[in-house]
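The values are calculated or read from the model by the stated rules, or taken from the named source; none is laboratory data. Just so it is clear, the model here is predicted, and its values are computed rather than measured. In this analysis, Cβ positions are derived from the backbone assuming ideal geometry, glycine residues included, and neighbour counts consider all displayed protein chains. For accessibility, only protein heavy atoms count, side chains too; no ligands or nucleic acids. Shrake-Rupley method; radii C 1.70, N 1.55, O 1.52, S 1.80 Å.
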Amino acid sequence: MTSIANEYQLKCGLEIHTQLNTEKKLFSLAKNDPFGSISSPNHHVSYFDAALPGTRPILNYECVLKALKLAISLNCDVNLNSHFDRKHYFYGDQPQGYQLTQHYSPIASNGYLNLHSDIDNLDTPTKKINIIQLQLEQDTGMSHYDNYEKKTMIDLNRSNVPLIELVTEPNFDSVPQVIAFLKKYQNLVRRINVSTGNLETGAIRVDVNVSVGDYPRVELKNLSNTSSISNAIKYEYDRQINIIKQGKAAELLRYEETRGWNGYETIKLRSKETTIDYRYMPDPELGCIRLDYSIIKDIKKSLPISTDDEIRIFLNEPYNLSLKNAKLLCIQNGKNEYYTNGEVKKYYLDSFNLFREVIPPSFERDCKIIANWVINELLGDLNKLELPLKNIQELFPPTKFIEFIKLLQNGKVSNTGGKRLLFYILENIQTKQFKGNIDLQYLIQKLNIEIKSSVDGEELLKQCQSIIDNINNPKLIENIKSGKKKNSLNYLVGIAMRQTRGRVKPTEYQRIFKNILMIK
Amino acid sequence: MLSNYKSPFNATIYEILSKQTNLKYIGKTRLDEFAMGSMGINDPLKLNLNDVLNPLFPDCVPGGSSSGAAASVSSNMVDFAIGTDTGGSIRLPAAWCSTMGFKPSYGKISRYGVIDMAQSLDTVGILSNDINIIKYIFRLLDKYDPKDTTSLPEKFRSKSGQDPKMNTREWKIGIPKEIFIDLCDPEVWSHFKIILANLFKSVPQVSLYPVSIPSWKLSLPIYYTLCPSEVASNMARYDGIRYGSRESDDFETQNQGGDTENDIILFASSRSKHLGKEVKRRIVLGNYTLSSDSYKNNYMKAQKLRMRLIDEFNTIFRLPNILLSNQEYENDEKDEKDGVDFLLVPTNLTKPPKLVDILNNKNQGKENPIMDYINDFFTVPMSLAGLPTISIPMCKKSSLGLQIVGQYGDDYNLLDFSKHIIINSDVLITI
């Protein structure tokens, strides 16, 4: 079964450039703010960033620290004696005429990142992606071409911003693996706070090497987001397969080449004949980055546990969360503006721990109620109200939240009533109606959602009978009676609950309906 | 390229010197374009080819690249001048103008604000007719500067100090065997031998030793492999885009916008027109050395040989190199008595040529840059090893210099010993 499957096997490798979110630039004291200052070009530019004669690079060790955090998180071997090299090429937005990078002796190498079928949503078993190396380097400035004025304008705010270049082995054999890796990497850099991790702003830039079988690779550049990465790989894969099928591989896939992506096809940028000789040279004045071995241990200690490990913790006792909820707590999506996963995780964990203290150990399974109410109800309401989680911390902290949960737990309020109460509380926090402490007991009264402990049996019986009469659907009733459609009983209960706004326990209604319909 | 450029910031040495109330700044001195040249005549603008003359022999060139510095000192216009020395650019003009030029240990004086020629070699130094002034100014400038990555850190500076027993001790002087070549002006060796004999006769504390530095003879190829590589790299920033001269056709090519092919032309015209011949020659040479085909065979090899040369220097000096680790430092201290304190070497092979001869050769296309490069035979080994070296006149108005070389970091002892030789009227030749 080897030949056909392997002949057309897709092979991908990634080259990822990540801007570090340090305060200052890599070799100068200018502020590292390439996008915040997009409206004021050439604002954060030191004499060095503009490559004025007589200026010198001074290494910013904050960048080294962040690079090491990333290297260690990616299981790399750290190079205790790395150094910088000059990579020469002319470009209008490259002020020095060379880029300082780490070609000959990068700061870290030989790492890996594992992709898991469950956590990373792959249809293959655990996939190990090997990382060849990580190198620290300078970003370039930016060129903007003004069609109206017919001028290229150069903005050096980005010049000398610290970058990490990461190169993987060509270990990917499907597009979903590539996308899963990028998502995981994005989450990682955000989690350990080394980068904003945004593809859209160019804080992360991805080049993909695509090859089929044993043919030379094609490097794809200018891929600005996940969908263009995915589409470009698919297009390029099909293009190469077509060439092979047409028997033109010896001619068209003979050498490595570089291609760009214009949104619907890949276009040749450079091939073997036009390759640039970068004339790498060790920088003659920047010394080695000499590191003490102990720093690796110290950084390891300072890093949070890995997302994968944390997800596994939440999947198991005592939390027993669903994979979806565990991922929501552990993975930074960077999109939601009302709460971060870290804020939600803290709110959840504080609530969970408080709750656990007050319930007997044998009821531990009941703790699931916390996840349900925090993740499903609370977050849903926050989204609906466009209310940031941090705005409720003062009036509705986990201690208050647990008071609320206890009402549900003790049967004082039904689920339906609870939902109303929660929404009411959040809505009033947003409109700043509360002054001081929130009195839950008072609100229950006010909203009239308290479950009556002594229910007037006569009245309930009347209510249920009138519901059965009003729906006027003998066939439905017959089906309930005969047991054909057991769930329809809950339909009746639901109507009753709505009428009394959840003040009566659903079990009470079930009992009465069963009595009326004479179901066992 | 930079004729219309004014730096928005001051060099560290200017900051230090301008704060001294007893010093008065007179002006800038001329030099070869980007400090590349031995004659002091490399100027792409060709403003006034003869505006720096050798004050002692007005039909001759002053030497370069610090031509204006040497001439202004030699003609007593100033008490001292500042220059930079990459392969001999202070020492050669000092010799040709029969004054003194001091290149301190690499990293002693801040390079912040100095336009780079080759960072691993560039050294700021002092020219003066008075050894006491050189020492005074050096003391002012010999300070750690955090703005310069290669500035020698304090912990090393504290290791090198003045030897209190300097004046009572015996001085061991080494003469490298490898320096005796035939290409020199005959007076170089005759004068050199007289001075050695005088030293032996009239300074009883001095003893002379032949020493061997086998890599001395490789120094020129090492230097002319590494230096142009750094030059090619450092000169890459002069594209006329942010500052400096720009040709109008580079604006036009820019207007065609975007693609790579055109971007290459963005500054080709500007560089081609506004960089001089010698600068371009070294850029081409450096880029050849750095190109991927020759990098390992040339650049890497030259780096290794440079290390070997430094090791050879370390083995002949009595003092250990302060840059070596403490352990090595202690081991070396045990056999402290072996080794010499200073080396004596001539500065220049020939006397300054006549300007008219150079121009004639140039006009007839007979320039020979290789001959200029060979002129650095006596000076580049100390540049490659970063050793403190002073050039003093062998005799008045002879245009022949004598270099006194110390171990790395031993600058003050070197200056004191030099002073001893200068004030002892029996050593140098008095004609």
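Within the same chain, lysines fewer than 8 places from A:K301 are excluded, and of the rest, those with a Cα less than 27 Å from its Cα are A:K24, A:K25, A:K66, A:K69, A:K127, A:K128, A:K183, A:K184, A:K327, A:K345, A:K346. In chain B, Cα pairs under 8 Å separated by at least six residues give a relative contact order of 22 percent.
Rounded, prolate or oblate: which fits the range A:146-251, taking a ≥ b ≥ c as square roots of the Cα gyration tensor eigenvalues, rounded meaning a/c under 1.5, else prolate when a/b beats b/c? It is oblate, given that a/c is not under 1.5 and a/b is not larger than b/c. Along the range B:349-358 the Karplus relation, 6.51 cos²θ - 1.76 cosθ + 1.60 evaluated at θ = phi - 60°, assigns HN-Hα couplings of 7, 10, 7, x, x, 7, 4, 5, 5, 4 Hz to successive residues, with x for each Gly and Pro. Straight-line cross-link partners of A:K419 among the lysines, defined as a Cα under 18 Å from its Cα and at least 8 positions apart when in the same chain: A:K368, A:K384, A:K400, A:K406, A:K446, A:K452, A:K505. Listed by chain and number, the lysines whose C-alpha is less than 20 Å from the C-alpha of B:K366, apart from same-chain residues fewer than 8 away, are B:K46, B:K277, B:K280, B:K351, B:K354.
Write down the accessible area per residue of the range A:49-121 in Å², having rolled a 1.4 Å probe over the full set of protein chains. Please list the in-between numbers first.
On the way: 2110 Å² over 73 residues.
Per-residue accessible area for the range A:49-121 comes out at 29 Å².
Each label was represented as a point 7 Å from its Cα along the Cα-to-Cβ direction; for A:Y424 and B:S292 these points are 7.3 nm apart.
Percent of Cα-Cα pairs more than 24 Å apart in the range A:365-461, please. Could you put the intermediate results ahead of the total?
Details: 1033 of 4656 pairs.
Value for the range A:365-461 (Cα pairs over 24 Å): 22 percent.
What full-extension length gain, to one decimal in nm, is calculated for A:V358 and A:K462 as 0.36 nm per residue of separation minus the Cα-Cα distance? Working shown, then result.
On the way: separation 104, 0.36 × 104 = 37.44 nm, distance 3.92 nm.
Residue separation times 0.36 nm, minus the Cα-Cα distance, leaves 33.5 nm.
Report which residues of the range A:48-71 become buried by 40 Å² or more of accessible surface when going from the isolated chain to the complete set of protein chains (1.4 Å probe; DNA, RNA and ligands ignored). So the qualifying set is A:L52, A:P53, A:G54, A:R56, A:I58.
Run the dipole for chain B about the Cα centre, Lys and Arg Cβ at +1, Asp and Glu Cβ at -1, nothing else charged, and hand back the magnitude in debye, nearest 20.
On the way: 48 positive and 50 negative charges, 134 e Å.
Magnitude of the dipole: close to 640 debye.
Length gained on full extension, B:S158 to B:D338, computed as 0.36 nm times the residue gap minus the Cα-Cα distance: 62.5 nm.
With the Kirkwood sum run over all distinct C-alpha pairs, the range A:265-387 has a hydrodynamic radius of 19.1 Å. Calculated on C-alpha atoms, the gyration radius of the protein assembly as shown divided by its Kirkwood radius gives an Rg/Rh of 1.15. Applying the Karplus relation 6.51 cos²θ - 1.76 cosθ + 1.60 with θ = phi - 60° to the range A:249-258 yields 3J(HN,Hα) values of 4, 4, 8, 9, 10, 7, 10, 5, 8, 10 Hz, where x marks Gly and Pro.
Per the accessible-area calculation with a 1.4 Å probe, the total area buried between chain B and chain A rounds to 3200 Å².
In order along the range A:185-190, the Karplus-derived 3J(HN,Hα) couplings, from 6.51 cos²θ - 1.76 cosθ + 1.60 at θ = phi - 60°, round to 5, 4, 4, 4, 5, 6 Hz, and Gly and Pro are given as x. Helical runs (DSSP H, four residues minimum) scored at -39500 (n - 2.57) apiece and divided by the length of chain A put the mean residue ellipticity at 222 nm at -11500 deg cm²/dmol. Would you work out if chain B is rounded, prolate or oblate? Take a ≥ b ≥ c from the square roots of the eigenvalues of the alpha-carbon gyration tensor; rounded if a/c is under 1.5, else prolate when a/b is larger than b/c, oblate otherwise. It is prolate, given that a/c is not under 1.5 and a/b is the larger ratio.
Taking 7 Å steps out from each Cα toward its Cβ at A:N410 and A:I305 produces label points 3.4 nm apart. Over chain A, what is the relative contact order in percent, taking alpha-carbon pairs closer than 8 angstrom and at least six residues apart? Relative contact order of chain A: 13 percent.
For the range A:138-158, backbone nitrogen atoms closer than 19 Å to the point 7 Å from A:N42 Cα along Cα-to-C-beta are found at A:140-158.
Averaged per residue, what accessible surface does the range B:1-155 expose to a 1.4 Å probe, in Å²? List each step's numbers first, then the result.
Numbers: 6120 Å² over 155 residues.
I get 39 Å² per residue for the range B:1-155.
Note on chain A: Rg/Rh from Cα positions, Kirkwood definition for Rh, rounded to two decimals, is 1.10.
Rounded to 0.05, the FRET efficiency of the A:N376 and B:F9 pair, given R0 = 51 Å and the Cβ-Cβ distance, is 0.25. Projecting label points 7 angstrom from Cα along Cα→Cβ for B:M307 and B:L359 puts them 4.9 nm apart. Only Lys, Arg, Asp and Glu carry charge here, each on its Cβ (+1 for the first two, -1 for the last two); on that basis chain A has a dipole of about 1980 debye about its Cα centre.
The portion of the accessible surface of the protein assembly as shown made up by carbon and sulfur, rounded to a whole percent, is 51 (1.4 Å probe; DNA, RNA and ligands excluded). Viscosity 1.306 mPa s, temperature 10 °C: give me the Stokes-Einstein translational D for the range B:333-431 in µm²/s, with Rh taken as the Kirkwood radius over C-alpha pairs. Estimated diffusion coefficient is 100 µm²/s. With a Förster radius of 60 Å applied to the C-beta separation of A:I295 and A:S271, the computed FRET efficiency comes to 0.90. In chain B, taking the dipole from charged Cβ atoms about the Cα centre, the farthest positive-side position among B:Y224, B:S72, B:Y288 is held by B:S72.
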